[in-house]
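The structure appears right after this line, and notes come after that.
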Amino acid sequence: MQLLYLLLFMAVAGCAVYDAQLGLIGQSHEGVRLVRESLVGRARVDVARNAADRKRLDEAFDDDLAARTGPIPAEWVLDARRAYAAAVDALHGRDEASLAARDADLQNLDAVDTALSELARLVRGQQRLFLIPEER
């Protein structure tokens, strides 16, 4: 009789453990989804910031040119062109670094999501192995 009680207790306790594990995995999937949404939102902010920075750069160049009086020396034109090109390159470099970081973050999230799915599959396999009914 004690063996029957022990087996019953193990089945009930085991079910709770597997259900808790699956619940935590589900919450982790939700966390990954929320982080992914955050990254997409941050990317939109980055695009807007980059456009605003480029607009400010263009306006600064135009204002600097408009402030010049009289003939514009060739040396000034060359220096201004070099400075503008360097600033544009810096903005592009920042944009590319931001995109690369976001892509790496998304790939890492995909890997976490895949690992969580595999973990859920393994937990369900253990549940079936020990003949513990899944909670629906």
State which residue pairs qualify: first residue among the aliphatic types (A, V, I, L, M) and inside the range 42-61, second residue surrounded by 13 or more Cβ atoms within 10 Å (Cβ to Cβ) in any location, beta carbons under 6 Å apart, and separation of 6 or more residues or different chains.
ALA43/ARG102; LEU57/ALA87
Of all residues making up the range 77-136, the number that are in contact (Cβ under 8 Å) with a residue 40 or more places away in the chain, assigned to a helix (DSSP H, G or I) and acidic (Asp, Glu)
3
On the basis of being surrounded by 10 or more Cβ atoms within 10 Å (Cβ to Cβ) and not aliphatic (A, V, I, L, M), does GLU75 make the cut?
no
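Each reported figure results from applying straightforward, stated rules to the coordinates on display, with no laboratory input. All of these numbers come straight from a predicted model, not from anything done at the bench. When we count neighbours, we look across all protein chains shown, and the Cβ atoms used for this are built from the backbone with ideal geometry, even at glycine.
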